[in-house]
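Have a look at the structure below before the remarks.
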Amino acid sequence: MGQDNDNKGFFDRLKAGLAKTRKLLLTDVDDIILGSKEIDRALFEELEEALIVADVGPAFTGELIESLKEKVRRKELGSPEILRKVLRETMREILLKNEAPLKIPPDQIYTIMVVGVNGTGKTTTIGKLAHQLKGEGHEVMLVAADTFRAAAVEQLEAWAKRAEVPLIRQAPNADPAAVVYDALRSAKAGRPGVVIIDTAGRLHTKVNLMEELKKMRRIMGRELPGAPHEVLLVLDATTGQNAVVQARMFRDEIGVTGLILTKLDGTAKGGVVVRIARELNIPLRYIGVGEQVDDLRPFRAGEFVEALFAQNGR
Ligand SMILES: Nc1nc2c(ncn2[C@@H]2O[C@H](COP(=O)(O)OP(=O)(O)OP(=O)(O)O)[C@@H](O)[C@H]2O)c(=O)[nH]1
Ligand SMILES: [Mg+2]
C-alpha cells in the first residue's frame, strides 16, 4: 500500500516534471497532426523539425521518419493520428534497450564510483541512493573522495547522517586515491555491503580530473579485484545534448557502466533521455525528478513514456 502510494507519487512527479518536455514535443506534434489532412512530405518535414527541437537527437528522428515512410508505403498509416501512437511505441522500444536497473549482489563488497562534471547532482544522488539502499537492508558506506571543492565533504556528511550510514573522510585536499584506499581497507575489515564513492566534478583542468579518476580506479582494482563494480555517470538533463557529449567523454576516458539522469523535473529537455538511449549503449540506471530523498527511482521505459505522453496536465 505504502509502496503503491510511493510509486504513484513518483509517477505524478515524473509526469509533472516532464510537462515542459511534453509541451515542447507533443504540442507541436499534435498541431502538425491536426493541421494535416493527409500524410505527405510537408507533414514529415514539420514532424522532423519538431523532433529535432525537442532534443531527441538526429539518429532517433531519422530512424522514426524512415519507419513512418515505410509504413506509408505499406499503407499501414491510414491517418495522421496514428503518427502519435507510432511515435510513442518507437520511443518505448528504443528506451527499453537501456532499461537495466542496478542489481546489487548480496554478501560481498560492492563498490560504486560516482562521476560527472560539477553540479550535475552526484552528491545529492548518492545521498538518495544511500537512503534507499539502506532501507532495502544493505550495509552502506559513503566515501568522500571529492576533496577539492570546499564543503563537499560536509555536504556528503549531512547525507550520511540522514541515512545513518558511515562516512569515510580525510582532511581537505587529501589525495582522493588515498581516501578510496582507506575506504576499501575499512570495508574489507567490516561487514560486506555497498561502498559509494563521491568524486569531484571539477579540478584545475579537465585532464587532471580524468587522470585523477583513472588513478582512483587503478587503486581500487588493486585493493579489491573487480572494483569498481559500477561506475555511474551522473548527467544533468537540463543541459540537453551537452549531456550526451559528457557521456561520450567519460565513457571513452574512464569507462562507464551506468547512467543517472537528474533534474528531469521542470526541464523542456527531457527528450535527451531518448537521445541518450538511442546514441549511447549504456544502461540508464536511475532518473531524478527533484531534490528530495524519494525523487530518485530506477529508470523504467514504460513508465517514462507513459508519463511523457500523459494526456492531462498539458
Ligand atoms: N531539481 C532538481 N535538482 C537536483 C536534482 N538532483 C540534484 N539537484 C540539485 O542540483 C544541485 C547540485 O547537486 P550536487 O549533488 O551538489 O551536485 P554535484 O554533482 O555533487 O556537484 P559538485 O560536487 O560541485 O561537482 C543541488 O542544488 C541539488 O539539490 C534533481 O533531480 N532535480
Ligand atoms: Mg558533489
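Output the peptides 231-243, 291-303, 144-156, 263-275 sorted from most to least packed, where packing is the average of other Cβ atoms within 10 Å over each peptide's residues.
Numbers: 231-243: 22.4, 291-303: 17.3, 144-156: 19.2, 263-275: 24.5.
Ranked by mean Cβ neighbours within 10 Å, highest first: 263-275, 231-243, 144-156, 291-303.
Please list the equivalent ellipsoid semi-axes of the chain, computed as the square roots of five times the alpha-carbon gyration tensor eigenvalues, in descending order and whole angstrom.
Working: eigenvalues 326, 77, 52 Å².
The answer is 40, 20, 16 Å, longest axis first.
To the nearest 10 degrees, how steeply does helix 206-223 sit against the main Cα axis of the chain, on a 0 to 90 scale?
Taking Cα atoms only, the helix is inclined about 60 degrees.
Charges on Cβ only, +1 for Lys and Arg, -1 for Asp and Glu, centred on the Cα centroid of segment 160-314; of Met216, Ile282, Ala237, which one is farthest towards the dipole's positive end?
Final value for the positive-end residue is Met216.
Please go through segment 25-64 and write out the GluC sites (Glu not before Pro) that DSSP classes as loop and that have at most 10 other C-beta atoms within 10 Å.
Numbers: sites: Glu38, Glu45, Glu46, Glu48, Glu49, Glu63; in loops: Glu38.
Of the GluC sites (Glu not before Pro), the ones in loops of segment 25-64 whose Cβ has at most 10 other Cβ atoms within 10 Å are Glu38.
Taking 1 over the mean of 1/r across every pair of different Cα atoms in segment 1-57, what Kirkwood radius in Å do you get?
Values: mean 1/r = 0.0760 Å⁻¹.
Over segment 1-57, the inverse of the mean reciprocal pair distance is 13.2 Å.
Distance in nm between label sites at Arg185 and Glu38, each 7 Å beyond Cα in the beta-carbon direction?
Distance between the two pseudo-spin positions: 7.8 nm.
When ranked by the protection proxy of mean other Cβ atoms within 10 Å per residue, highest first, what sequence do the peptides 129-136, 109-116 form? It would help to have the intermediate numbers written out before the result.
Numbers: 129-136: 18.2, 109-116: 24.6.
With the highest mean Cβ count within 10 Å placed first, the list reads 109-116, 129-136.
For every other residue with a beta carbon closer than 15 angstrom to the beta carbon of Ala277, add +1 if it is Lys or Arg and -1 if Asp or Glu, then tell me the sum. Spell out each step's value before the answer.
Working: positive: Arg88, Arg92, Lys97, Arg248, Arg251, Lys269, Arg275, Arg278, Arg285, Arg300; negative: Asp55, Glu63, Glu89, Glu93, Glu99, Glu279, Glu303.
That sum, taken over residues with Cβ under 15 Å, equals +3.
Of all alpha-carbon pairs in segment 68-207, indicate the percentage at a distance above 25 angstrom.
On the way: 4180 of 9730 pairs.
So the portion of pairs separated by more than 25 Å is 43 percent.
Suppose we keep just the DSSP beta bridges with both residues in the chain; what percent of those would be antiparallel, to 5?
The answer is about 10 percent antiparallel.
Please list the non-local residues whose amide H lies under 5 Å from the amide H of Tyr110, H modeled 1.01 Å from N, same-chain partners needing a gap of 5 or more.
Gly193, Val194, Val195
Angle, helix 81-96 long axis vs. longest principal axis of the chain, Cα atoms, 0 to 90°, nearest 10?
It is inclined by approximately 20 degrees.
If I build a Gaussian network model for the chain, linking alpha-carbon pairs within less than 10 angstrom, which residue out of Val53, Val140, Val179 has the largest mean-square fluctuation?
With Cα springs under 10 Å in the chain, the top fluctuation among Val53, Val140, Val179 is at Val53.
According to the square roots a ≥ b ≥ c of the eigenvalues of the Cα gyration tensor, what is the shape class of segment 147-216, taking rounded for a/c under 1.5, prolate for a/b larger than b/c otherwise, and oblate for the remainder?
Values: a/c = 2.26, a/b = 1.41, b/c = 1.61.
Oblate shape, in that a/c is at least 1.5 and b/c is the bigger or equal ratio.
Name the residue, out of Gly121, Gly35, Gly62, whose mean-square fluctuation peaks in a Gaussian network model built on the chain with Cα pairs under 10 Å.
Maximum among the listed residues: Gly35.
Laboratory data are not the source of any read-out in this text; all were calculated from the coordinates shown. No experiment lies behind these values; they were computed from the predicted model shown. Neighbour counts are summed over all protein chains in view; Cβ atoms, including those assigned to glycine, are modelled from backbone coordinates with ideal geometry.
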